[in-house]
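Participant: After the structure tokens below, expect a handful of questions from me.
The values are calculated or read from the model by the stated rules, or taken from the named source; none is laboratory data. None of the values given here were measured: they were computed from a predicted structure. So basically every Cβ, Gly included, is an ideal-geometry build from the backbone, and we count neighbours across all protein chains shown. These area figures cover heavy atoms from the full protein model, side chains too; ligands, DNA and RNA do not enter into them. Shrake-Rupley method; radii C 1.70, N 1.55, O 1.52, S 1.80 Å.
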Amino acid sequence: MLELLSDHTVRTVLVGTTAIGAISGALGCFAYLRKQSMIGDVVSHSSLFGIMLFFLAGYWITGEPNKSLFILLPGAIFAGILALTLTQSIVRRTAVREDSGLGVMLAIFFGTGILMLRWTQRSSSGVSGHRGLEDYLFGMAASMTSQDLMMVSILGGTAILLLGLNWKELKLFSFDPMFAQSIGMGRRRLDLLLITLMVIGIVIGLQCVGVILMIALLITPAAAARQWSQTLGGMVLLAGLMGGFCGGIGSLTSAQFGIPTGPVIVLLGVMLMIFSVCFAPKRGVLFRKQQQRRLATDQNNRFRRDASC
Amino acid sequence: MLIFWTILIAILTAVACSICGVYLVVKRETFLSEGLSHAVLPGILVAFLVFQDRTSPWLIITAGLSGLVMVWLVQLITNTKLVEKDAALGIVFSGLFSIGVILSRLNLKNVHFHADCIIDGNLEYAPLKGLSIGGYYLGPQAFVTLLTINLLLIGFVGLFYKEMKLNSFDQSTSKLLGFRPNLLHTAWLAIVSITCVAAFEIAGTILVVALIIAPPTAANLLVNRLSQMLVVSALLGAFAAIIGVAVGLQLDIAASGPIAATSGFLFLLIVLVAPKRGIISRWQQRAGQRARLLETLVLTLTESKPIHQLAIVTNIQCPPQQVQRAISRCRNRGLVQLDAEQMVSITNKGSALIELRSNARDQTVSLKGQ
């Protein structure tokens, strides 16, 4: 495997996927804590529509196909936020429930996205340079360029900066939104901020694992980290580390064996999560079983001692 | 002739999915349907790799099992209370889907499972593979499979109609009465997994979710009863499927994207125009209520003595135009009159109306007292 590291492309991909995994994992903690896994799933599927829209718009305006992340990622962000806003307005105005509304939004955006993708891929559409768009379905980290890395850094850096500046407010708001509101923190502003952070976390990972599996990259490190840490700061840091680990090792493994990157990274994350659920101290399943056994033995001994008196 | 079979298969798929969807939407388990549609992939691929036949009936069985494995794993993880339920679902189905994708890229013995099928389904070839039993041609295999599944669904729902209905709305009562809701639920999820696989042909495993969720959610805005919801969502689903197939043929692409998009846009349309529960209708209702409220306020203000028109406008803190219109409406109905000095006074008819309304209110109050 070490020979791989001498390749510049592989190094770029490695750095990129590690960074993506770390940032998505860290930002995903808030989605996990606020129980917004479904929302994240819908946002990531909806991104396909935005990607196709901005790609086609760029092609028709400039006459040249441009798959640069500087064009496609804003499209993804736009579509994600549009899907959420539309769902909110429908749910607020009619009897449609939130989970059904989200599911339908997924159908609309992802369905239209697939429609546009397949149409573009037809030679009769006259659009060229679309090869590589399909990679947004299952991920293809191997095609990451330094330019992509730059875009990821800019977006990710902005997100981390926003997170850091608003840390105390976001921490309070995530756990006790009512109290936060009662002491004067703007609920809408913080909600919007958290949604933006989640959308950024999702969008930077799309190239790596694809729209379908993105939710796993967002949530799994958070779920795993939660088992080891009792504080939000600890959880976010740990999730970042775990996400980075999965991203990096996953992309190396996929490059070595020629399997698609997305699934490998996700499976690594899932294994990490299962390990954490079983073996984490204080919360882990094995630990609890040990605890129960110890309590039972204690009770047994006490009973015997008392009975003999 | 081929088009006929294609459309028929499309309709059968939509009907099957919408029946599944009605109960899932009512129980707020739409994320579960998303999960099932992803989780059946490894089951499909295991059967495919073993039997090397994409149309083998074993696919249905392994896919059903795959779905149940997902449900079992999620239950296992949720029971530890260490991971949140939706997150557990997302993680498990993503993990299973990843296994499926990796399996699909394996090239064993020159048999290749086209990853595109996962998204697109395979409607173009569905009418071509026929099924004959004892030399008797029954029709395309997909048609026979879907027809069987539809009959299974209708049979199951018909046989257990009351139990499913109770289970969907009040699970605790169901348990108390001994109807074994958990068993019923598990059986239902197995059937939904099987339907996902069958719908695979037409919509691809992931866009099946569109046909499962969108028609029932739209139907929910149109009707009140579960039975009506079943019928209406089947109709809506069939409609979306037909249009989707037509668009797919027109643009020369797979039907799955257009079908999902159509079902979604159909939902948006219904959200707007549904009678009573649609956005436009509710806006009209609210406008009507506001108008009636203003009229009542005008009458109340003029009840005891005449009052200047402008005083009414300032008293009622609403946009002046709306208040003026309310006054005009009252005048037109003969409830108030306007004299030369812009003074508005109530008429006998108006007093009678106020009397009537307050009597009704008193009656309601006294009834409540009893």
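Participant: Mind checking which residues of the stretch A:77-101 are part of a helix (DSSP H, G or I) and among the small types (Gly, Ala, Ser)?
Facilitator: Residues satisfying the conditions are A:Ala79, A:Gly80, A:Ala83, A:Ser89, A:Ser100, A:Gly101.
Participant: Here are some residues: B:Leu41, B:Leu68, B:Leu49. Which one is within 12 Å of chain A (Cβ to nearest Cβ) and over 30 Å from B:Leu221 (Cβ atoms)?
Facilitator: Residue meeting the stated conditions: B:Leu41.
Participant: Still on this model: Applying the selection to the stretch B:88-105, what residues are more than 7 Å from chain A (Cβ to nearest Cβ), under 30 Å from the mean Cα position of the chain (by Cα) and among the small types (Gly, Ala, Ser)?
Facilitator: B:Ala88, B:Gly100 - these are the residues of the stretch B:88-105 that are more than 7 Å from chain A (Cβ to nearest Cβ), under 30 Å from the mean Cα position of the chain (by Cα) and among the small types (Gly, Ala, Ser).
Participant: If only one of B:Val231, B:Val271 is open to solvent by 10 Å² or more (accessible area, probe 1.4 Å) and on the phi < 0 side of the Ramachandran plot, which one is it?
Facilitator: B:Val231
Participant: Taking the stretch B:72-84 only, how many residues are facing chain A (nearest Cβ under 8 Å) and either in a loop (DSSP other than H, G, I, E, B) or surrounded by fewer than 21 Cβ atoms within 10 Å (Cβ to Cβ) (or both)?
Facilitator: Count: 4.
Participant: Quick one: which helices (runs of 4 or more DSSP H) sit completely within the stretch A:209-309 and have at least 3 residues that are among the hydrophobic types (A, V, I, L, M, F, W, C) and at pLDDT 90 or above?
Facilitator: Where helices (runs of 4 or more DSSP H) fall fully within the stretch A:209-309 and carry at least 3 residues being among the hydrophobic types (A, V, I, L, M, F, W, C) and at pLDDT 90 or above, they are A:232-257, A:261-279.
Participant: Does the stretch B:189-216 hold any residues that are modelled with pLDDT of 90 or more and more than 27 Å from B:Asp116 (Cβ to Cβ), and which are they?
Facilitator: Within the stretch B:189-216, B:Pro216 is the sole residue that qualifies.
Participant: Got a sec? Which helices (runs of 4 or more DSSP H) wholly within the stretch B:160-224 have at least 1 residues that are out of contact with any helix residue (DSSP H, G or I) (no Cβ under 9 Å at 6 or more places or on another chain) and of a type in the set (Lys, Arg)? First the steps, then the outcome.
Facilitator: Working: elements: B:161-169, B:171-176, B:181-220.
Hits in the stretch B:160-224: B:161-169.
Participant: Let me ask you something else. When you look at A:Gly50, is it buried (at least 24 other Cβ atoms within 10 Å of the Cβ), assigned to a helix (DSSP H, G or I), at the interface with chain B (Cβ under 9 Å from one of its Cβ atoms) and not basic (Lys, Arg), yes or no? If you could, list the steps in order and put the result at the bottom.
Facilitator: Numbers: buried (at least 24 other Cβ atoms within 10 Å of the Cβ): yes; assigned to a helix (DSSP H, G or I): yes; at the interface with chain B (Cβ under 9 Å from one of its Cβ atoms): no; not basic (Lys, Arg): yes.
Answer is no for this residue.
Participant: Could you list all residues from the stretch B:195-225 that are under 20 Å from B:Tyr161 (Cα atoms) and open to solvent by 10 Å² or more (accessible area, probe 1.4 Å)?
Facilitator: Residues satisfying the conditions are B:Asn220, B:Val223, B:Asn224, B:Arg225.
Participant: Could you tell me whether B:Ala142 is crowded, with 20+ Cβ neighbours inside 10 Å and either more than 14 Å from every other protein chain (Cβ to nearest Cβ) or aliphatic (A, V, I, L, M) (or both)? Steps first, please.
Facilitator: Values: crowded, with 20+ Cβ neighbours inside 10 Å: yes; either more than 14 Å from every other protein chain (Cβ to nearest Cβ) or aliphatic (A, V, I, L, M) (or both): yes.
Against the criterion (crowded, with 20+ Cβ neighbours inside 10 Å and either more than 14 Å from every other protein chain (Cβ to nearest Cβ) or aliphatic (A, V, I, L, M) (or both)), B:Ala142 qualifies.
Participant: In the stretch A:111-159, what residues are more than 14 Å from every other protein chain (Cβ to nearest Cβ), in a loop (DSSP other than H, G, I, E, B) and in contact with a helix residue (DSSP H, G or I) (Cβ under 6 Å, 6 or more places away or on another chain)?
Facilitator: Passing the criteria: only A:Met144.
Participant: Now, a different point. Working only within the stretch B:47-98, note down all residues that are basic (Lys, Arg) and under 24 Å from A:Met38 (Cα atoms).
Facilitator: B:Lys81, B:Lys85 - these are the residues of the stretch B:47-98 that are basic (Lys, Arg) and under 24 Å from A:Met38 (Cα atoms).
Participant: Can you find a residue in the stretch A:108-125 that is under 30 Å from B:Asp252 (Cα atoms), hydrophobic (A, V, I, L, M, F, W, C) and open to solvent by 60 Å² or more (accessible area, probe 1.4 Å)?
Facilitator: For the stretch A:108-125, residues under 30 Å from B:Asp252 (Cα atoms), hydrophobic (A, V, I, L, M, F, W, C) and open to solvent by 60 Å² or more (accessible area, probe 1.4 Å): present.
Participant: Quick one: what pairs do we get from the stretch B:282-302, first residue touching a residue at least 12 places away in the same chain (Cβ under 8 Å), second basic (Lys, Arg) and assigned to a helix (DSSP H, G or I), C-beta under 9 Å, 6+ apart or different chains?
Facilitator: So the pair list comes out as B:Ala291/B:Arg325; B:Ala291/B:Arg329; B:Leu294/B:Arg325; B:Leu294/B:Arg329; B:Glu295/B:Arg329; B:Thr296/B:Arg357; B:Val298/B:Arg329; B:Leu299/B:Arg357.
Participant: Would you point out which residue out of B:Leu103, B:Leu128 is assigned to a helix (DSSP H, G or I) and either surrounded by fewer than 23 Cβ atoms within 10 Å (Cβ to Cβ) or at pLDDT 90 or above (or both)?
Facilitator: Of B:Leu103, B:Leu128, the one residue that is assigned to a helix (DSSP H, G or I) and either surrounded by fewer than 23 Cβ atoms within 10 Å (Cβ to Cβ) or at pLDDT 90 or above (or both) is B:Leu103.
Participant: Name the residues in the stretch B:248-258 that are surrounded by 21 or more Cβ atoms within 10 Å (Cβ to Cβ) and within 7 Å of chain A (Cβ to nearest Cβ), would you?
Facilitator: Residues satisfying the conditions are B:Ile253, B:Ala254, B:Ser256, B:Gly257, B:Pro258.
Participant: Further question: Before we move on, is A:Phe78 modelled with pLDDT of 85 or more, crowded, with 18+ Cβ neighbours inside 10 Å and within 13 Å of chain B (Cβ to nearest Cβ)?
Facilitator: When the stated conditions are applied, A:Phe78 does not pass them.
Participant: Let me ask you something else. Tally up the residues in the stretch A:245-266 that are buried (at least 22 other Cβ atoms within 10 Å of the Cβ), at the interface with chain B (Cβ under 7 Å from one of its Cβ atoms) and either farther than 20 Å from B:Asp116 by Cβ or of a type in the set (A, V, I, L, M, F, W, C) (or both), please.
Facilitator: 1
Participant: Just to be sure, is B:Gly155 assigned to a helix (DSSP H, G or I), touching a helix residue (DSSP H, G or I) at 6+ places or on another chain (Cβ under 7 Å) and modelled with pLDDT of 80 or more?
Facilitator: Considered against the rule, which asks whether it is assigned to a helix (DSSP H, G or I), touching a helix residue (DSSP H, G or I) at 6+ places or on another chain (Cβ under 7 Å) and modelled with pLDDT of 80 or more, B:Gly155 comes out as no.
Participant: Would you be able to say whether some residue in the stretch B:312-322 is among the aliphatic types (A, V, I, L, M), part of a helix (DSSP H, G or I), buried (at least 16 other Cβ atoms within 10 Å of the Cβ) and free of Cβ contacts under 8 Å to residues at least 12 places away in the same chain? First the steps, then the outcome.
Facilitator: Here is the first cut: in the stretch B:312-322, the ones among the aliphatic types (A, V, I, L, M) are B:312-313, B:316.
Checking which are part of a helix (DSSP H, G or I) leaves us with B:312-313.
Narrowing the set further to residues that are buried (at least 16 other Cβ atoms within 10 Å of the Cβ) leaves B:312-313.
Still in the running and free of Cβ contacts under 8 Å to residues at least 12 places away in the same chain: B:313.
Checked the stretch B:312-322: at least one residue is among the aliphatic types (A, V, I, L, M), part of a helix (DSSP H, G or I), buried (at least 16 other Cβ atoms within 10 Å of the Cβ) and free of Cβ contacts under 8 Å to residues at least 12 places away in the same chain.
Participant: Sticking with this structure for a sec: Being under 30 Å from B:Asn224 (Cβ atoms) and either touching a residue at least 24 places away in the same chain (Cβ under 8 Å) or within 44 Å of the chain's Cα centre (by Cα) (or both) is the requirement here; does B:Arg277 meet it? Quick ask: steps written out before the conclusion?
Facilitator: Working: under 30 Å from B:Asn224 (Cβ atoms): yes; either touching a residue at least 24 places away in the same chain (Cβ under 8 Å) or within 44 Å of the chain's Cα centre (by Cα) (or both): yes.
Here the answer is yes, as B:Arg277 does meet what is asked.
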